[in-house]
Each structure stands twice: as structure tokens, then as C-alpha cells.
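**Student:** One structure coming up, written as C-alpha cells, with questions to follow.
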Amino acid sequence: MPATTETGHAKNIANFQSLIAFVIQYGGTYNPSKTTLKLANLQARLVQEQTNLTDVLNKTSSYNIAVNQRFAKFANVKSLATRLVNALATTDAAEKTLADAKGFNRKIQGKRASAVPSTPTDPAATPVPKTISASQQSYDQQTQHLSGLVAVLQNEPSYAPNETDLQVVTLKALIAEMVNNNNEVATQYAAISTARMARDKGLYLEKTGLVSIAQDVKDYVKSVFGATSPEYKQISGIKFKQQKVI
């Protein structure tokens with residue numbers, strides 16, 4: 001569904017709780033035949049939707065932690081790649097090997113090997129060909145490009161730096177951590193997406209969602225006490241905002 005703040009969902013749930021509080025005051029006069037409108041079921045539904053909302057908030061926190069950890073792990077990849085190329089340049093590596101390493105570094109930096117041709121000013125000129133973005137900066141791609149760069153270093157016999165963070169074994173461990181961080185973000189995203197779906201269905205499904213049930217409660221109270229009754233006026237102003245479930 002469209003992005004919304006959690007405040008809107010929480011407000012619907014809080015207003016449902018207020019609605020129940022008035023229903024309780026009506027005592028035995030509130031006696032609907034529809035099962036979903038009975039007081040015990042309203043109370044159970046309130047607890048369920050509160051639980052769903054809390055689940056989303058908890059999973060959002062876990063997702064944000066995973067995203068922040070991934071960001072920290074990838075933060076220095078560009079500078080590290082440049083250091084690796086510079087370190088390789090001080091070895092006996094062939095020009096082709098150095099060129100391969102620089103190619104992976106360009107991809108990590110998001111740069112092109114050559115400039116993109118400009119758009120012709122002459123309408124009759126041959127159109128500029130469509131190009132694929134050179135900014136291959138997704139986390140998956142950065143991991144892939146760094147892995148390619150490390151493979152170049154590993155296959156160069158003269159590459160044997162004394163700096164621990166530039167050594168192949170350290171780099172492979174870093175790549176494994178990067179993969180794990182990226183996978184954790186994907187796992188947490190799936191979890192939060194599923195939790196949001198459960199929340200949204202519980203709140204907004206047509207006829208069975210909390211918002212629809214709240215309207216049914218209002219309609220029942222109006223039918224029992226009358227549209228101009230003090231009882232109906234108590235609850236008629238309690239607002240519920242419906243949203244689409246996608």
C-alpha cells in the first residue's frame with residue numbers, strides 16, 4: 001500500500017479502543033446478532049491489531065539496524081578499492097593485470113571508461129545510442145566488483161602487501177561479511193513487508209477489516225438508539241481513515 005506513517009494506523013486502533021469503551025457503557029442494550037460486532041469479539045480484535053502494529057514497529061527497528069550495519073560495512077569500499085589498485089601498481093604486475101584491476105575500481109567508483117557521446121544538435125544526425133547506466137552502485141554490484149578486483153589480486157604472484165587490510169585473506173573475509181550484511185537486509189525487508197501486509201489486511205480489508213467493523217458498530221448503535229440519540233452522537237464523531245490494501 002502507499003507509504004504512510006505509523007501514526008495513521010495507530011490512530012485508527014486508538015479510536016477503535018475509544019469506540020469499545022462507549023459500547024461497554026451501553027450494557028445489555030448493545031446486543032448485535034452479527035458475531036464480529038459482539039463486545040468480546042471487538043475486544044479480541046483490538047488486541048490482535050495492537051499486536052500486529054507492534055510487530056511492524058519491532059520489525060522496522062530490526063530492518064533499520066540491518067540497513068545501518070550494511071551501510072557501515074560498505075562505507076569504505078570505494079576508498080579501499082583505490083588503495084588496492086595503488087598497492088597493485090607498486091608490484092611487478094603486468095599492464096593488462098593493472099588495467100583489469102582499474103576496470104573493477106571504475107565500476108566500484110561509478111565511473112565510465114570513456115565519456116558518453118553528447119546529444120547531436122543536428123536533428124538529421126544519427127541519434128545517440130541508448131546507454132546502460134555506469135553507476136552500478138547497488139550493494140550486490142559493489143560486492144561483485146570488489147570480488148572481481150580481489151580475484152585479480154589473488155592471481156598476481158607479486159601482490160603480497162604487508163598491510164593486513166589489503167591482504168587477500170582479509171579482503172575475502174570482508175566480502176563474506178558484506179554478503180551476509182546484504183542478505184540480512186533482504187531477510188529483514190521480507191519480514192517487515194509480511195508484517196505490514198498482516199497489519200494492513202487486519203485494519204483495512206473490505207467488510208472484515210477493523211475500519212469496516214467500526215463503521216458497522218456505528219450503524220448498529222444508530223439503529224438501536226436512533227440517529228439523533230445522545231448515544232449515537234457519542235460515537236458518530238470518532239474518525240476512522242480507510243486505506244487501500246495492495
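**Student:** Select, from TYR189, TYR204, TYR159, the only residue that is touching a Ser or Thr at 6+ places or on another chain (Cβ under 9 Å), of a type in the set (Ser, Thr, Tyr) and more than 30 Å from ASN86 (Cα to Cα).
**Tutor:** The unique qualifying residue is TYR204.
**Student:** Tell me, which residue of region 220-246 that is free of Cβ contacts under 8 Å to residues at least 60 places away in the same chain, in a loop (DSSP other than H, G, I, E, B) and under 42 Å from the mean Cα position of the chain (by Cα) is surrounded by the most Cβ atoms within 10 Å (Cβ to Cβ)?
**Tutor:** Looking at the filtered set, the residue picked out is GLN242.
**Student:** What are the residues in region 119-167 that are modelled with pLDDT of 95 or more, farther than 17 Å from LYS78 by Cβ, surrounded by fewer than 17 Cβ atoms within 10 Å (Cβ to Cβ) and not polar (S, T, N, Q), if any?
**Tutor:** ALA151, PRO157, ALA160, GLU163
**Student:** Report yes if some residue within region 179-191 is of a type in the set (S, T, N, Q), in contact (Cβ under 8 Å) with a residue 12 or more places away in the chain and over 30 Å from VAL67 (Cα atoms); otherwise report no.
**Tutor:** No, that holds for no residue.
**Student:** Of everything in region 31-51, what is in contact with an Asp or Glu (Cβ under 9 Å, 6 or more places away or on another chain) and either farther than 16 Å from ASN15 by Cα or of a type in the set (Gly, Ala, Ser) (or both)? Give them in sequence order.
**Tutor:** Within region 31-51, PRO32, LYS34, THR36 meet the criteria.
**Student:** Continuing with the same structure: Any idea which of (1) touching a Ser or Thr at 6+ places or on another chain (Cβ under 9 Å); (2) in contact (Cβ under 8 Å) with a residue 24 or more places away in the chain; (3) surrounded by 12 or more Cβ atoms within 10 Å (Cβ to Cβ) is the one THR170 doesn't satisfy?
**Tutor:** (2)
**Student:** I want to confirm something. Restricting to region 36-86 and keeping residues that are farther than 30 Å from ILE24 by Cβ and outside any helix (DSSP H, G or I), which single residue is nearest to the chain's Cα centre (by Cα)?
**Tutor:** For region 36-86, the residue satisfying everything is ALA75.
**Student:** Could I ask something else about it? Right, GLY209: surrounded by 16 or more Cβ atoms within 10 Å (Cβ to Cβ) and free of Cβ contacts under 8 Å to residues at least 40 places away in the same chain or not?
**Tutor:** Criteria met by GLY209.
**Student:** Another question, then. Name the residues in region 6-17 that are of a type outside the set (A, V, I, L, M) and surrounded by 13 or more Cβ atoms within 10 Å (Cβ to Cβ), would you? Talk me through it step by step, then tell me what you get.
**Tutor:** Pass one, region 6-17, residues of a type outside the set (A, V, I, L, M): 6-9, 11-12, 15-17.
Matches in region 6-17: GLU6, HIS9, LYS11, ASN12, ASN15, PHE16, GLN17.
**Student:** Test of understanding: among LYS38, LYS34, which residue is under 30 Å from PHE225 (Cβ atoms), surrounded by fewer than 13 Cβ atoms within 10 Å (Cβ to Cβ) and among the charged types (D, E, K, R)? Even if it seems obvious, please write down each step before you answer.
**Tutor:** Numbers: LYS38 fails: surrounded by fewer than 13 Cβ atoms within 10 Å (Cβ to Cβ).
Just a single option satisfies the conditions, and that option is LYS34.
**Student:** Test VAL217 against the criterion of being surrounded by 12 or more Cβ atoms within 10 Å (Cβ to Cβ), touching a helix residue (DSSP H, G or I) at 6+ places or on another chain (Cβ under 9 Å) and part of a helix (DSSP H, G or I), and give yes or no. Let's see the steps before the verdict.
**Tutor:** Values: surrounded by 12 or more Cβ atoms within 10 Å (Cβ to Cβ): yes; touching a helix residue (DSSP H, G or I) at 6+ places or on another chain (Cβ under 9 Å): yes; part of a helix (DSSP H, G or I): yes.
Spelling it out, VAL217 is indeed surrounded by 12 or more Cβ atoms within 10 Å (Cβ to Cβ), touching a helix residue (DSSP H, G or I) at 6+ places or on another chain (Cβ under 9 Å) and part of a helix (DSSP H, G or I).
**Student:** Ok, one more. Search region 9-23 for residues that are under 11 Å from GLU49 (Cα atoms) and modelled with pLDDT of 95 or more and pair each with any residue that is surrounded by 14 or more Cβ atoms within 10 Å (Cβ to Cβ) and of a type in the set (Phe, Trp, Tyr) when their beta-carbon atoms are under 6 Å apart and the residues are at least 6 apart or on different chains.
**Tutor:** Note: pairs meeting the criteria are ASN12/PHE240.
**Student:** Can you tell me which of ALA191, ALA176 is over 22 Å from LEU46 (Cα atoms) and surrounded by fewer than 13 Cβ atoms within 10 Å (Cβ to Cβ)? So that I can check it myself, show each step before the final result.
**Tutor:** Working: ALA191 fails: surrounded by fewer than 13 Cβ atoms within 10 Å (Cβ to Cβ).
Answer to the check: ALA176.
**Student:** Also, quick follow-up: Tell me which residues, restricted to region 177-214, are farther than 28 Å from SER138 by Cβ and of a type in the set (Lys, Arg).
**Tutor:** ARG199, LYS201, LYS207 - these are the residues of region 177-214 that are farther than 28 Å from SER138 by Cβ and of a type in the set (Lys, Arg).
**Student:** Looking at the structure I just gave you, is LEU203 touching a residue at least 60 places away in the same chain (Cβ under 8 Å), assigned to a helix (DSSP H, G or I) and over 24 Å from the mean Cα position of the chain (by Cα)?
**Tutor:** The answer is no for LEU203.
The values are calculated or read from the model by the stated rules, or taken from the named source; none is laboratory data. Since the model is a prediction, treat every value here as computed from it, not as a measurement. With ideal geometry, Cβ positions are generated from the backbone for all residues, glycine too; neighbour counts draw on all protein chains shown.
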